[in-house]
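The values are calculated or read from the model by the stated rules, or taken from the named source; none is laboratory data. The shown structure was predicted, so the numbers you read here are calculated from the model rather than taken from an experiment. All Cβ positions, even for glycine, are placed from backbone atoms using ideal geometry, and neighbour counts span all protein chains on display. Protein only, heavy atoms only, side chains kept; ligands, DNA and RNA dropped before computing areas. Shrake-Rupley method; radii C 1.70, N 1.55, O 1.52, S 1.80 Å.
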Amino acid sequence: MKVNIDTHSGFCFGVVKAIDKAEKELANHSTLYCLGDIVHNGEEVARLNALGMVTVDYDEFAKLKGKRVLIRAHGEPPATYQIAEANQNNIIDATCSVVLKLQKNVRLGYLEMCTRNGQVVIFGKKGHAEVVGLVGQTNNEAIVVSSIDEVELLDYQKPMRLYAQTTQSLTIYKKMVDLIQENYLKHHQTNPDFVWYDTICRQVANREESLRQFARSHDVVIFVAGEKSSNGKVLYNICQQENKHSYMVSSAQCLQPQWLLNANSVGVCGATSTPMWLMQAVAKEIENICKQI
């Protein structure tokens with residue numbers, strides 16, 4: 001039995017930056033508050049909580065006074081910073097640079113559309129932290145579409161600026177763009193005022209093809225990700241497309257011995273929110289299970 005860990009899996013640079021900032025703050029201060037889970041992985045959150053990080057929701061955040069608060073890689077809307085300033089909290093901003101650039105562009109697109117009776121549309125998961133931050137750049141007026149089917153509900157008599165959550169599928173996004181362009185033509189808009197922006201992080205998008213190859217090259221694939229990980233769901237679906245013997249787990253304790261029966265090779269991979277130490281723990285447990293079956 002051979003167990004291989006995908007070297008392309010694991011934290012993206014934005015998450016690495018956020019974790020690094022959190023660890024440095026915790027090394028110098030006994031307590032650090034984090035607005036929401038620093039990463040959508042329960043195991044990693046628990047590790048940092050043990051070091052003194054306290055995860056708070058928005059209601060709890062609004063009550064904090066004079067505390068050190070980490071803004072995670074997903075970013076936040078302007079209202080969050082206004083609350084922090086009013087409460088004299090010290091913000092440690094770990095917003096991913098790719099997300100920061102997208103927030104700025106969404107804001108500019110919104111200001112443009114305000115002058116032209118247009119609309120800002122964001123392809124992303126409704127309620128996701130990054131999407132909440134993006135919508136906040138538009139005074140909460142942006143339209144969020146989570147699937148290709150939802151573009152039928154857009155107003156094709158108005159100008160449109162289209163952006164995508166950084167971790168969305170590039171393949172699906174391009175199909176969405178094509179459909180929107182077709183819909184403008186159906187509504188007799190032969191020269192529509194429609195501009196779309198390729199805002200998907202390439203460190204995420206480029207993992208798709210390498211993950212497909214990785215999934216095909218193993219008898220069994222164990223995909224490690226937190227239940228809240230949007231990126232994890234997308235990448236896991238890719239594994240399933242390439243290998244029907246793909247299984248998703250949040251920790252080594254979730255492994256089922258029957259998955260590994262008659263397998264000569266097992267591949268372990270994960271989301272951009274999955275720490276390498278967790279994939280290594282899963283790989284070690286797979287080896288232990290295989291010695292017993």
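Could you pull out the residue among THR167, THR171 that is modelled with pLDDT under 95, buried (at least 20 other Cβ atoms within 10 Å of the Cβ) and not small (Gly, Ala, Ser)? None of the other options fit; the residue is THR167. Is it fair to say LYS21 is of a type in the set (D, E, K, R), open to solvent by 60 Å² or more (accessible area, probe 1.4 Å), touching a residue at least 24 places away in the same chain (Cβ under 8 Å) and touching a strand residue (DSSP E or B) at 6+ places or on another chain (Cβ under 9 Å)? Taking the combined requirement at face value, the residue satisfies it. Pairing each residue of segment 181-209 that is small (Gly, Ala, Ser) with any residue that is not in a loop (DSSP other than H, G, I, E, B), provided the two are 6+ apart or on different chains, yields C-beta distances under 8 Å for ALA205/LEU170. ASN183 falls short on exactly one of the conditions (1) buried (at least 16 other Cβ atoms within 10 Å of the Cβ); (2) modelled with pLDDT of 95 or more; (3) closer than 30 Å to MET1 by Cβ, and that condition is (3).
Under the condition of being over 15 Å from MET248 (Cα atoms), assigned to a helix (DSSP H, G or I) and without any contact (Cβ under 8 Å) to a residue 40 or more places away in the chain, the residues counted in segment 278-293 number 3. For segment 8-16, state whether one or more residues are modelled with pLDDT under 95, of a type in the set (Phe, Trp, Tyr), open to solvent by less than 70 Å² (accessible area, probe 1.4 Å) and outside any helix (DSSP H, G or I). Checked segment 8-16: at least one residue is modelled with pLDDT under 95, of a type in the set (Phe, Trp, Tyr), open to solvent by less than 70 Å² (accessible area, probe 1.4 Å) and outside any helix (DSSP H, G or I).
Cβ separations smaller than 7 Å between residues 6+ apart or across chains give the following pairs from segment 244-265 residues that are farther than 14 Å from GLY226 by Cα and among the hydrophobic types (A, V, I, L, M, F, W, C) to residues that are open to solvent by 50 Å² or more (accessible area, probe 1.4 Å) and assigned to a strand (DSSP E or B): TRP259/TYR247.
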